[in-house]
Amino acid sequence: MELEFYRGLAQRVRDLADKADPFTRRRLLNLAESYDAKGGSTAQAPRPTERPLPAPRTTPPTAIFTGPGEA
């Protein structure tokens, strides 16, 4: 009974991970793996291929304070 409980939790967490942002997805998939280990699952679910995060669209300013200033 306990094994089924953890397997069910792992599946629910994976379902949530499908709808989450990349950072949260990674954490949820790690949690699902720990539930699988507790549930005694021998077959690992295939891990989805993660895409890298896109580069920021804006570049930070080269200098915050330009020109002469007080020391």
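A single entry from ALA55, ALA20 fulfils the requirement of being modelled with pLDDT of 75 or more, surrounded by fewer than 11 Cβ atoms within 10 Å (Cβ to Cβ) and of a type in the set (Gly, Ala, Ser): ALA55.
Just need a number here: residues in region 20-34 that are small (Gly, Ala, Ser) and under 14 Å from LEU53 (Cβ atoms). Full working, then the answer.
Within region 20-34, the first condition is being small (Gly, Ala, Ser), and the residues that meet it are 20, 32, 34.
With under 14 Å from LEU53 (Cβ atoms) added as a condition, the list becomes 20.
Of the residues in that region, 1 qualify.
The values are calculated or read from the model by the stated rules, or taken from the named source; none is laboratory data. Everything numeric here is computed off the predicted structure, so don't read it as measured data. Methodologically, a virtual Cβ is constructed for each residue, glycine included, from the backbone with ideal geometry; neighbour enumeration extends over all protein chains shown.
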